[in-house]
Amino acid sequence: MKSSKTFLGHIREVLSSIRSRVFVISLLLGLCPCIILQYGILSSYEKRAVEVKAQEVQLQLRALANHLITADFLGTPGSKVIRTELNEFSSLYNGRLLVVDSSLQVISDTYSIATGKTAISEDIVYCLKNGTSMSPYTYDPEADYITLVTPIVETASLETGDMTGIRESEPPSPQGVLKASVSTKTIETTLDMLSRTALLFEMVIAVSIFLLALFFAYYLVSPLERLSKSIAAVKAGYTTNLVSAPEYLETRHIADAFNEVLARMNQLDASRQEFVSNVSHELKTPMTSAKVLADSLLMQEHVEEAVYREFLQDIDNEIDRENKIISELLTLVRMDNKETQLNVQPVNINDMLEMILKRVRPQARERDIELLLVSERKIVAEVDETRMTMALTNLIENAVKYNKEHGKVRVTTDADHQSFTIEIMDTGVGIPPESVNRVFERFYRVDKSRSREMGGTGLGLSISKSVVLQHHGSISVESKEGEGTTFYVICPLSYIPEPVEMVPPRSERKK
Ligand code: ADP
């Protein structure tokens, strides 16, 4: 039972393949016209041959009918010449000939069966009554004979001579009827011979078409097979191999699309690996420092309390740092999670910025950095207040952190009818050109030791970017090393579930 099922499954699988379909379609396309042609030609030959034969017999019958009139065979049926003529006709066409008079009496029958009897067949009665036959001829393909009826009339010579039996003028009523049944065996024999020849040709054509169909099936489908093999190889782990199937436009499209997906997968894989190694490294650093501190304490004996305290304070700082990295990583993970919904509400952006500056001000004051807020107009936008505050705080804190003593930070806000812009400009150390495009990467820091000194984790800008993108906004940076940096944030005033194309920031507009 199981094996029959798997066999059926195998058959179904084979039938569902493009190759077997191409094969079957090519076979049918090749064979069907052949078969149709054969039947068409043979049947039209049969029709035409029967027609020609009937025409010929009809002409002979008319000539005979004239002879019957001339010899007054119906009045005195003894004429030997006529009888011989009738018998010759019958043997020539391998058939039977009846001569019937106007009172339906069979005057002569070449089979000598019906002579003297009354003929009451419909076609004879019709012909006697109307002076013409019911139909030009009747053909019985099963029994292989044609039946024809012709009237015996004095004016037979005036007839049009066509097979319809319609006369040009109103004829006198017939004196009798000639009915002939003629064998069509010769037509059948020719048909049989032609059929056999056709079958022979058909078989040769069928074999050629079968071979052609096989060739087409293999040739046309092989690019697809190659494509599927290359994809299977990629699946098996050779992820750097590009897929190629240039034969067809469609396979090229599939291969291109697959290669793009592959490139993205590789990129994602590489960035995942990099992220994991960065995370491990970042998490390991505070742990290593704390362990070194603890070990050095343990190795010393009779350590003074002040030294203990100092070391423990350092260990505490490292634990805080570890905590900060973990909580920022968790924030990023939450941001990346598409299911996490934003708590969007109308928020006064000016007030929000005032609050952020108030919190950052003590930090700025420590290094005598001037913190300025320039609001062009009142802005109320639909944002997630907590997240937007976090994003902007990162940017403003960075502007202070990476500033010079007595430096300046200016936060400018503006809006049009669609979106609001926040520009955070500082007069700090700036970012080298090769790093400008990388500062939004996770754990990327221009100067690692400087960032660490300031308690940086390298995750702040990634978080800010995530938040802005979640609001369907854009974030960009412009910087000149040694002179300062400006970050631009543009967000829609109304939160739209689907992203819209934003006006590029001034920095990009200039390019
Ligand atoms: P960090 O925690 O190190 O500050 P961020 O993701 O916030 O991490 O920033 C990444 C890096 O970008 C920083 O280490 C710093 O080198 C650079 N950076 C960010 N903001 C500024 C700025 N305003 N001026 C100069 N460099 C900056």
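The values are calculated or read from the model by the stated rules, or taken from the named source; none is laboratory data. Just so you know, these numbers come straight off a predicted model, no measurement behind them. We place every Cβ from the backbone using ideal geometry, glycine too, and count neighbours over all the protein chains shown. Side chains included, ligands, DNA and RNA excluded: accessible areas come from the protein's heavy atoms. Shrake-Rupley method; radii C 1.70, N 1.55, O 1.52, S 1.80 Å.
Label separation (MET265 vs SER91): 9.1 nm, computed from points 7 Å beyond Cα along the C-beta direction. Once the dipole of the chain is set up with Lys and Arg at +1 and Asp and Glu at -1 on Cβ about the Cα centre, which of SER173, THR118, GLY473 lies farthest towards its positive end? Ranked along the dipole, the leading option is THR118. Nearest 10 degrees, 0 to 90: what angle lies between the long axis of helix 349-366 and the longest principal axis of the chain (Cα atoms)? It works out to around 40 degrees. For a modelled paramagnetic label at ALA206, 7 Å from Cα along Cα-to-Cβ, the residues of segment 16-45 in reach, with backbone nitrogen under 15 Å, are 27-39.
What is the percent of Cα-Cα separations in segment 1-103 that go past 23 Å?
Values: 3209 of 5253 pairs.
Cα-Cα pairs in segment 1-103 separated by more than 23 Å: 61 percent.
Evaluated at q = 0.12, 0.14, 0.15, 0.20 Å⁻¹, the base-10 log of the normalised Debye intensity for segment 250-334, with identical point scatterers placed on the Cα atoms, takes the values -0.57, -0.67, -0.71, -0.92. Residues ASP192, ASP295 ordered from highest to lowest accessible area at a 1.4 Å probe: ASP192, ASP295. Apolar share of the accessible surface for the chain: 58 percent from carbon plus sulfur atoms, 1.4 Å probe.
222 nm [θ] for the chain, helices only, -39500 (n - 2.57) per DSSP H run of 4+, per residue, to 500? Working shown, then result.
On the way: 13 runs with 284 residues, N = 511.
Mean residue ellipticity, 222 nm, calculated: -19500 deg cm²/dmol.
The distance separating the Cα centre of segment 246-320 from that of segment 167-231 comes to 79 Å. DSSP finds beta bridges in the chain, and of those with both partners inside it, around 90 percent are antiparallel.
Of the listed peptides 453-462, 241-250, what is their order by residue-averaged count of other C-beta atoms within 10 Å, with the highest listed first? Don't skip to the end; give the middle numbers.
Working: 453-462: 18.9, 241-250: 14.4.
Ranked by mean Cβ neighbours within 10 Å, highest first: 453-462, 241-250.
Remark: the chain carries a charge dipole of roughly 500 debye about the Cα centre, counting +1 on each Lys and Arg Cβ and -1 on each Asp and Glu Cβ. Can you tell me the 0 to 90 degree angle between the C-alpha axis of helix 80-92 and the longest principal axis of the chain, rounded to 10? Approximately 20 degrees, to the nearest 10. A DSSP coil position with no more than 16 other Cβ atoms inside 10 Å describes the following GluC sites (Glu not before Pro) in segment 263-365: GLU301, GLU304, GLU339. In the context of the full protein assembly, PHE23 retains an accessible surface of approximately 40 Å², using a probe radius of 1.4 Å and ignoring ligands and nucleic acids. Mean projected area of the convex hull spanned by the Cα atoms of segment 436-478, taken over all viewing directions: 3.1 nm². Solvent-accessible area of HIS281, all protein chains in place: 110 Å² (probe radius 1.4 Å, heavy atoms, ligands and nucleic acids excluded). For the chain, the longest principal axis of the C-alpha atoms and the axis of helix 185-235 are separated by about 0°.
Over the chain, Cα pairs under 8 Å with separation of 6+ residues give a relative contact order of 9 percent. Solvent exposure of segment 250-334 amounts to 72 Å² per residue of accessible area, where only protein heavy atoms count and the probe is 1.4 Å.
For the chain, the spread of Cα positions along the three principal axes, ordered from largest to smallest, is 162, 59, 41 Å. Once the chain from PHE215 to ARG48 is taken as fully extended at 0.36 nm per residue, the excess over their C-alpha distance is 56.1 nm.
Among GLY78, VAL204, VAL360, which residue has its Cα furthest toward the positive end of the charge dipole of the chain, with +1 on Lys/Arg Cβ and -1 on Asp/Glu Cβ? Of the options given, the answer is VAL204. For the pair GLU405 and ASP72 in one chain, pulling the backbone fully straight at 0.36 nm per residue adds 105.2 nm over the alpha carbon distance.
How charged is the neighbourhood of THR184? Take every other residue with its Cβ under 14 Å from the Cβ of THR184, and add Lys/Arg as +1 and Asp/Glu as -1. If you can, show how the numbers build up before the last one.
On the way: positive: LYS47, ARG48, LYS53, ARG96, LYS185; negative: GLU46, GLU51, GLU56, ASP140, GLU142, ASP144, GLU188, ASP192.
Result for the local shell: -3.
The figure for SER327 is an accessible area of roughly 60 square angstrom, using a 1.4 Å probe on the protein chains alone.
Between LYS229 and LEU199, the modelled label-to-label distance comes to 4.3 nm, taking each label 7 Å out from Cα in the direction of the beta carbon.
In square nanometres, what is the average projected area of the Cα convex hull of segment 329-400?
For segment 329-400, averaging the hull's shadow over all directions gives 5.6 nm².
When segment 42-161 is described by a simple charge dipole with +1 on each Lys and Arg Cβ and -1 on each Asp and Glu Cβ, the residue from VAL50, VAL149, LEU68 located farthest towards its positive end is LEU68. Where the alpha-carbon atoms of segment 341-510 are placed on the principal axes, they occupy 40, 32, 30 Å, in descending order. Among THR240, THR84, the order of accessible area from largest down is THR240, THR84, computed with a 1.4 Å probe on protein heavy atoms.
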